[in-house]
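To start, the structure itself, in structure tokens.
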Amino acid sequence: MAKRLVEGIEVETGSGNVFADLGFPGAEKLKIKSGLAIEIVRAVRQRGLTQEEAGRRMGIPQPKVSALLRGDFANLSERKLMDCLTRLGYDIEITVKPAADPVGHRTLAVA
């Protein structure tokens, strides 16, 4: 990663995955899960749902909704987060294609 000085402060450009930059194990999965969680939070807020209403709609108990809205999504799988989004009226598309590099990667794109 490139380093440069900005107003006398050394700044390092991130990789685009803050979890990898901080050395978290499973950084790619965390990036995808956090993107899904952010969309769920947006959807709940845009719809003006209470935590109880959101939980009923997503099929999860209110305490898990509370945790999710506070950024704690560790107790929910990628699959469950995607299920929550579909229950909130989102379509999810998964595209599989050959990678340019020997090892592929996963990307989350939100429209």
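Just a yes or no: is a residue in the range 95-105 basic (Lys, Arg), farther than 19 Å from Asn17 by Cα and modelled with pLDDT of 95 or more?
no
If Val44 meets every condition in (1) within 22 Å of Gly26 (Cα to Cα); (2) more than 12 Å from the chain's Cα centre (by Cα) apart from one, which number is that one?
(1)
It is to be established whether one or more residues within the range 8-26 are of a type outside the set (S, T, N, Q), at pLDDT 95 or above and either in contact with a Phe, Trp or Tyr (Cβ under 6 Å, 6 or more places away or on another chain) or not in a loop (DSSP other than H, G, I, E, B) (or both).
Checked the range 8-26: no residue is of a type outside the set (S, T, N, Q), at pLDDT 95 or above and either in contact with a Phe, Trp or Tyr (Cβ under 6 Å, 6 or more places away or on another chain) or not in a loop (DSSP other than H, G, I, E, B) (or both).
When you scan the range 55-66, do you find a residue that is of a type outside the set (S, T, N, Q) and closer than 15 Å to Arg106 by Cα, even just one?
No, because not a single residue in the range 55-66 is of a type outside the set (S, T, N, Q) and closer than 15 Å to Arg106 by Cα.
For residues that are β-branched (Val, Ile, Thr) and part of a helix (DSSP H, G or I), tally how many sit in the range 42-85.
Count: 2.
Count, please, the residues in the range 90-109 that happen to be surrounded by 10 or more Cβ atoms within 10 Å (Cβ to Cβ), within 15 Å of the chain's Cα centre (by Cα) and not aromatic (Phe, Trp, Tyr).
Residues meeting the conditions: 4.
Taking Glu39 and the conditions (1) farther than 30 Å from Lys3 by Cα; (2) assigned to a helix (DSSP H, G or I); (3) free of Cβ contacts under 8 Å to residues at least 60 places away in the same chain, which numbered condition does it fall short on, given that it satisfies the others?
(3)
Within the group Arg4, Arg79, Arg47, Arg87, which residue is in contact (Cβ under 8 Å) with a residue 12 or more places away in the chain and surrounded by fewer than 14 Cβ atoms within 10 Å (Cβ to Cβ)?
Arg47
The values are calculated or read from the model by the stated rules, or taken from the named source; none is laboratory data. Source: prediction; values computed, not measured. Positions of Cβ are backbone-derived with ideal geometry, glycine not excepted, and every protein chain shown enters the neighbour counts.
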